[in-house]
Amino acid sequence: MAIDNNKLVQILRKVADPQSGNDIISMRLVEDLKLEQDSVSFSVNTAGLKDTEKFQLHENIQSAILSEYPEAKVNIHFVNKNETKRPLGQVKNIIAIASGKGGVGKSTVSVNLALGLKELGARVGLIDADLYGPSLPTMLGIQDLKPKIREMYGRHRIEPIEKYGIQTISIGNIVEADKAVVLRGPRLGGIIKQFINEVLWPELDYLVIDLPPGTGDIQLSLVQTVPVTAAVIVTTPQEVAVSDAIKAMNMFRLENINVPIVGVVENMSWFIPEDMPDKKYKIFGEGGGKNLAKASNSVLLAQLPLITDVRVASDNGEPVVIQENHLAREYYIEMAKKTMQQVAVRNEVLAPTQVVGVNIQQS
Ligand SMILES: Nc1ncnc2c1ncn2[C@@H]1O[C@H](COP(=O)(O)OP(=O)(O)OP(=O)(O)O)[C@@H](O)[C@H]1O
Ligand SMILES: [Mg+2]
């Protein structure tokens, strides 16, 4: 029986890539597919796989095809094309949320941006890269959950935790909060790499990364592990916050790092008392977000009000975006829309980001 091209692709969609857990068609690992009656040949990119995994993959492909076409002559070439296989190839956009100072609202922005993008129809993941002070488990109300560990092709893989329709991982779900603070230097980089390479991320439109404040080991490990599509800088309106934010921003703009800044979020722009929602008190001054946007040659993605109930929502694990009638919800949805637009512009105008190590080798 002649092999049907579409049917063959459907069969290969059921075979998992040992590295990502996604199927080998979605991961674009299959190339040069040739069909002739009951013979089929194609190549599979196995860069980064161990021999045992290659062996298993070969067997899985064979048996998937033979179960549908028992007479088929199957010819699989394994090729090693490292340059075409980037980490997180199943993720379209990786967005880092950064700031100079601590406590300006990165985590609140990250959670609500992720949920806002999801609300707009995107497939979204969220990494808590703040390994010293993970706050996303509380903000999402998943403090008591542990990610499932799955064995795939003899390797242990971590399944992200799903909440409110987004996929997420945090050190806070893996170790006790008081043990996370003892993690140092090289260990931190190792964990960031694990969050990228050993978590079974599905196909995603956006992966949002909540960073710790400043420009330390974690930021560096991130850009050395994965091509970060864009960075968003969070600041409060006052001048001192802006000068710190410029330092954070400059790290992304270093020649060999080169992650575009797509925008600035000004948080706590004015205080809105809940009993007088028409009032605006500019308690942290004004202009910071606009100035920073100018300095980074990007745009102001949002000015977010300071509202007691935004803090309460985070503490209760029910972020404002999932609360239909929340006073602040629209601000975050608008921020997500604008971020989506700016990332699209970035992808239109600029070349894809390179992982930092690769750049250094080229220069
Ligand atoms: N717009 C806002 N209105 C009210 N409270 C807010 C707002 N933004 C943030 N908060 C609150 O301020 C505190 C700090 O916010 P958050 O944890 O998001 O900051 P961060 O920049 O991630 O801090 P860190 O640098 O410690 O990681 C939290 O309690 C949060 O709920
Ligand atoms: Mg934080």
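The values are calculated or read from the model by the stated rules, or taken from the named source; none is laboratory data. Because the structure is a prediction, the values reported are computed rather than measured. No Cβ is skipped: glycine too gets one built from the backbone with ideal geometry, and neighbour counts run over all protein chains shown.
Below, the figures for the structure above:
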| read-out | value |
| --- | --- |
| Per-region count, segment 51-67, residues touching a residue at least 24 places away in the same chain (Cβ under 8 Å) and either closer than 17 Å to Gly21 by Cα or under 29 Å from the mean Cα position of the chain (by Cα) (or both) | 8 |
| From the options Val320, Val355, residue that is over 30 Å from Asn256 (Cα atoms), of a type in the set (A, V, I, L, M, F, W, C) and touching a Lys or Arg at 6+ places or on another chain (Cβ under 9 Å) | Val320 |
| Pair list, Cβ under 6 Å, 6 or more apart: segment 153-173 residue more than 18 Å from Glu318 (Cβ to Cβ), other residue surrounded by 22 or more Cβ atoms within 10 Å (Cβ to Cβ) and aromatic (Phe, Trp, Tyr) | Ile169/Phe195 |
| In segment 139-175, the residues that are over 23 Å from Val91 (Cα atoms) and either in a strand (DSSP E or B) or in contact with a Gly (Cβ under 6 Å, 6 or more places away or on another chain) (or both) | Gly141 |
| Residues within segment 307-343 that are free of Cβ contacts under 8 Å to residues at least 60 places away in the same chain and more than 16 Å from ligand 2 (Cβ to nearest atom), tallied | 15 |
| Qualifying positions in segment 124-137 - more than 9 Å from ligand 2 (Cβ to nearest atom) and buried (at least 18 other Cβ atoms within 10 Å of the Cβ) | Val124, Gly125, Leu126, Ile127, Ala129, Leu131, Pro137 |
| Among residues of segment 258-271, those that are outside any strand (DSSP E or B) and surrounded by fewer than 20 Cβ atoms within 10 Å (Cβ to Cβ), counted | 1 |
| Top-ranked residue in segment 195-227 [being away from ligand 1 (no atom under 16 Å from the Cβ), buried (at least 24 other Cβ atoms within 10 Å of the Cβ) and among the β-branched types (Val, Ile, Thr); ranked as nearest to Gly165 (Cα to Cα)] | Val226 |
| Single unsatisfied condition, Pro70 versus (1) assigned to a loop (DSSP other than H, G, I, E, B); (2) closer than 30 Å to Tyr132 by Cβ; (3) not acidic (Asp, Glu) | (2) |
| Counted residues, segment 215-230 - those being part of a helix (DSSP H, G or I) and of a type outside the set (A, V, I, L, M) | 5 |
| Filter pass, Lys106 being at pLDDT 95 or above and under 29 Å from Lys7 (Cα atoms) | no |
| Pair list, Cβ < 8 Å and 6+ apart or interchain, from segment 274-301 residues that are surrounded by fewer than 12 Cβ atoms within 10 Å (Cβ to Cβ) to residues that are acidic (Asp, Glu) | Glu274/Asp309 |
